[in-house]
1. Restricting attention to region 243-262, does a residue exist that is charged (D, E, K, R) and farther than 25 Å from L308 by Cα?
2. In region 272-297, what count of residues is obtained for those that are crowded, with 17+ Cβ neighbours inside 10 Å, of a type in the set (A, V, I, L, M) and farther than 17 Å from V255 by Cβ?
3. Hey, could you check region 259-288 for residues that are in a helix (DSSP H, G or I) and in contact with a Leu (Cβ under 7 Å, 6 or more places away or on another chain) and say which is modelled with the lowest pLDDT?
4. Every residue in region 114-142 that is surrounded by fewer than 18 Cβ atoms within 10 Å (Cβ to Cβ), at pLDDT below 75 and closer than 15 Å to H60 by Cα, please.
5. Looking at (1) at pLDDT below 85; (2) over 24 Å from A140 (Cβ atoms), find the lone condition where M53 falls short.
6. Does L312 qualify as being assigned to a helix (DSSP H, G or I), in the same structural domain as A194 (by TED's automatic domain parsing) and either over 27 Å from Q179 (Cβ atoms) or free of Cβ contacts under 8 Å to residues at least 60 places away in the same chain (or both)?
7. Quick check on this structure: which one of T203, T199 is β-branched (V, I, T), at pLDDT 90 or above, in contact with a helix residue (DSSP H, G or I) (Cβ under 8 Å, 6 or more places away or on another chain) and surrounded by 21 or more Cβ atoms within 10 Å (Cβ to Cβ)?
8. Among the residues of region 30-47, which ones are over 15 Å from E107 (Cα atoms) and surrounded by fewer than 22 Cβ atoms within 10 Å (Cβ to Cβ)?
Amino acid sequence: MQFFSRKRFRDLNEQEVLALAISSEEDDARIYRGYAERLRAEFPATAKMFEGMAQEEDGHRQRLITLHKERFGDTIPLIRREHVAGYYTRRPIWLVENLGIERIREETVMMEQEAEAFYVNAAKRCTDASTRKLLGDLAAAEAKHEALAGKLADEYLDHDSRHDEDIVAHRQFVLTWVQPGLAGLMDGSVSTLAPIFATAFATQNTTTTFLVGLAASVGAGISMGFTEAASDDGQLSGRGSPLKRGLASGVMTAVGGLGHALPYLIPHFWTATIIAFTVVFCELWAIAWIQKRYMETPFFRAAIQVVLGGALVLGAGILIGSG
């Protein structure tokens, strides 16, 4: 119902098009300032870039307002993006800021590209000469904005600044996602080995083994997720959102356990067990590789710790189940 209550762009008059451009410039300036505020502490150079973009949007908005006063007077109609069907939208700041510093930088150029493409296409569909000129001018302005985004990036993001910010971004990614996720994967992969394989060799019933593995994996995932989220709010440690860390830890814990529980959906016991052994082997080596890749742990040492520990737990489970 909301869609049908919107006005089509081709039904807007010239004053409404100008008013829409004014509100769009104002919104973009606020978005850029929002990015700057969120990035100022950890990425000061990028924050300056967004401040520069916001100032440019303010300047364009002022020129549009001046033009509106000359043609239509002081009263600007209230019309925004959400009032027009098919008009380009902006992604909320909280959705983009979670995707990393490079993605936020790219958003600047993408915003201007979207605006330029819309005005160009709108001008092609318009038959009124003065409106076509207005839309063409707006498209040209957005093209200049896009070029300005690159210029400001070069001005504020020199090689050293970009390198420093990339290091901070990588460290934040590791602390928020990789570290808790790795802890969860290790816990899920190793701690569930004993109950799953003890059940398997005690019962030699694949259905029972799968249910035990499913319960152990899901239960461990929930426990690890809540423990990680509640252990540190991230304010002092700088490890990031507890919700993100809890999600990473909980999901990866469940995945680690389910990896060698799922093969027991196969009815044949030894086929399922051999596949489960193979999965365990792959899981343990994957953990060692992640430790080397993101935690800078020497691969040989990581492999010894993880594979040896996993083998001992696996052996304990098999021994208990067989006895």
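The values are calculated or read from the model by the stated rules, or taken from the named source; none is laboratory data. These numbers come from a predicted model, not from an experiment. We place every Cβ from the backbone using ideal geometry, glycine too, and count neighbours over all the protein chains shown.
1. Step one: list which residues in region 243-262 are charged (D, E, K, R), which gives 244-245.
Keeping just the survivors that are farther than 25 Å from L308 by Cα gives 244-245.
Yes, there is a match, as at least one residue in region 243-262 is charged (D, E, K, R) and farther than 25 Å from L308 by Cα.
2. Looking only at that region, the number is 1.
3. I287
4. Within region 114-142, none qualify.
5. (2)
6. Numbers: assigned to a helix (DSSP H, G or I): yes; in the same structural domain as A194 (by TED's automatic domain parsing): yes; either over 27 Å from Q179 (Cβ atoms) or free of Cβ contacts under 8 Å to residues at least 60 places away in the same chain (or both): yes.
Spelling it out, L312 is indeed assigned to a helix (DSSP H, G or I), in the same structural domain as A194 (by TED's automatic domain parsing) and either over 27 Å from Q179 (Cβ atoms) or free of Cβ contacts under 8 Å to residues at least 60 places away in the same chain (or both).
7. Details: T203 fails: surrounded by 21 or more Cβ atoms within 10 Å (Cβ to Cβ).
Residue meeting the stated conditions: T199.
8. E37, R40, A41, E42, P44, A45
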